[in-house]
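Student: Sharing a structure below in structure tokens format, with a few things to ask.
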Amino acid sequence: MCGFAGVLKKESTWTGYEDFNKILQKMGMIMAHRGPDDSGVWFDQAAGVGLAHRRLAVIDLTPNAKQPMESSCGRYIMAYNGEIYNFRCLRQELIEKNHNFKGNGDTETLLESISEWGGAEPGFAEMQRHVCLCLMG
């Protein structure tokens, strides 16, 4: 099971890139048991927000499924744990709407579904899912 954590500071008081990165790396190390296959961090120092992720690779075993993941449009960043059971059907709908995919997993499909449909039909509402996510956008 993957794991993720985040930090949000209303007024960014970080002294620099290294401090923010170090805090997120430590958060990821604490939950290393949640995901032995990969780890990643993302942060926006100016906004004072960051995500740490530990990955247990199940569906897409390639680096293309690395998290936190950015949507193809660049608007959203997501850290996610769970499974989209019908992601192949949703992926096909997105391909028909000219979405391009780098990987083969449900994480990217979830992120592109949110990018295309938000929380509306047919995307997120149609998903057969068991998820917990953090979305920045």
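The values are calculated or read from the model by the stated rules, or taken from the named source; none is laboratory data. Because the structure is a prediction, the values reported are computed rather than measured. FYI the Cβ positions are ideal-geometry reconstructions off the backbone, even for glycines, and counts take in every protein chain you see.
Student: Looking at residue 83, is it among the charged types (D, E, K, R), surrounded by 22 or more Cβ atoms within 10 Å (Cβ to Cβ) and either within 30 Å of residue 9 (Cβ to Cβ) or in contact with a His (Cβ under 9 Å, 6 or more places away or on another chain) (or both)?
Tutor: So residue 83 fails the test.
Student: For region 43-88, enumerate the residues that are farther than 12 Å from residue 103 by Cα and of a type in the set (A, V, I, L, M).
Tutor: Answer for region 43-88, where residues must be farther than 12 Å from residue 103 by Cα and of a type in the set (A, V, I, L, M): 46, 47, 49, 51, 52, 56, 57, 58, 77, 78, 79, 84.
Student: Any residue at all in region 61-76 that is of a type outside the set (Lys, Arg) and in contact with a Lys or Arg (Cβ under 7 Å, 6 or more places away or on another chain)?
Tutor: Step one: of region 61-76, the residues of a type outside the set (Lys, Arg) are 61-65, 67-74, 76.
So of that shortlist, the ones also in contact with a Lys or Arg (Cβ under 7 Å, 6 or more places away or on another chain) come out as 64, 67.
Yes, the conditions are met somewhere in region 61-76.
Student: What tally of residues in region 54-78 results from selecting those that are farther than 18 Å from residue 5 by Cα and not β-branched (Val, Ile, Thr)? Spell out the reasoning first.
Tutor: At the first step, the residues of region 54-78 found to be farther than 18 Å from residue 5 by Cα are 58-64, 71-75.
With the extra rule that they be not β-branched (Val, Ile, Thr), the set shrinks to 60-61, 63-64, 71-75.
Going through region 54-78 one residue at a time, the tally reaches 9.
Student: Moving to a separate point now. Which one is surrounded by the most Cβ atoms within 10 Å (Cβ to Cβ) among residues in region 45-80 that are charged (D, E, K, R) and closer than 16 Å to residue 118 by Cα? Spell out the reasoning first.
Tutor: Applying the first criterion (charged (D, E, K, R)) to region 45-80 yields 54-55, 60, 66, 70, 75.
Filter again for closer than 16 Å to residue 118 by Cα, leaving 70, 75.
Numbers: 70: 14, 75: 11.
Restricting to residues being charged (D, E, K, R) and closer than 16 Å to residue 118 by Cα, the top hit is 70.
Student: Tell me the residue from 108, 96, 112 that is touching a helix residue (DSSP H, G or I) at 6+ places or on another chain (Cβ under 6 Å) and at negative phi, please.
Tutor: Working: 108 fails: touching a helix residue (DSSP H, G or I) at 6+ places or on another chain (Cβ under 6 Å); 96 fails: touching a helix residue (DSSP H, G or I) at 6+ places or on another chain (Cβ under 6 Å).
Every option except 112 fails the conditions.
Student: Considering only residues that are closer than 18 Å to residue 51 by Cα and polar (S, T, N, Q), which ones fall in region 67-95?
Tutor: Quick first cut of region 67-95, residues closer than 18 Å to residue 51 by Cα only: 67-71, 74-82.
Once the filter is applied, which keeps residues that are closer than 18 Å to residue 51 by Cα and polar (S, T, N, Q), region 67-95 yields 67, 71, 81.
Student: Right, another one. Within region 119-131, restricting attention to residues that are more than 11 Å from residue 84 (Cα to Cα) and not in a helix (DSSP H, G or I), which residue is modelled with the highest pLDDT?
Tutor: 119
Student: Let me ask another. Could you count how many residues in region 45-87 are assigned to a helix (DSSP H, G or I) and farther than 19 Å from residue 128 by Cα? Let's see the steps before the verdict.
Tutor: Step one: list which residues in region 45-87 are assigned to a helix (DSSP H, G or I), which gives 63-65, 87.
Pick out the ones that are also farther than 19 Å from residue 128 by Cα and you get 63-65.
Here the count works out to 3.
Student: Is it the case that residue 18 is at pLDDT 90 or above and assigned to a helix (DSSP H, G or I)? Spell out the reasoning first.
Tutor: Working: at pLDDT 90 or above: no; assigned to a helix (DSSP H, G or I): yes.
No: the conditions fail for residue 18.
Student: Going through region 88-118 one residue at a time, which ones are acidic (Asp, Glu) and either out of contact with any strand residue (DSSP E or B) (no Cβ under 8 Å at 6 or more places or on another chain) or not in a helix (DSSP H, G or I) (or both)?
Tutor: Within region 88-118, 93, 96, 112, 116 qualify.
Student: Here is a list of conditions, (1) surrounded by 20 or more Cβ atoms within 10 Å (Cβ to Cβ); (2) at pLDDT below 90; (3) of a type in the set (Val, Ile, Thr), and residue 109 meets all of them except one; can you say which number that is?
Tutor: It is condition (2) that residue 109 fails.
Student: Look through region 26-44, keep the residues that are charged (D, E, K, R) and assigned to a strand (DSSP E or B), and return whichever of them is surrounded by the most Cβ atoms within 10 Å (Cβ to Cβ). It would help to see each step written out before you state the result.
Tutor: To start, the set of residues in region 26-44 that are charged (D, E, K, R) comprises 26, 34, 37-38, 44.
Now restrict to residues that are assigned to a strand (DSSP E or B): 38, 44.
Details: 38: 16, 44: 13.
Applying the filter and picking the extreme gives 38.
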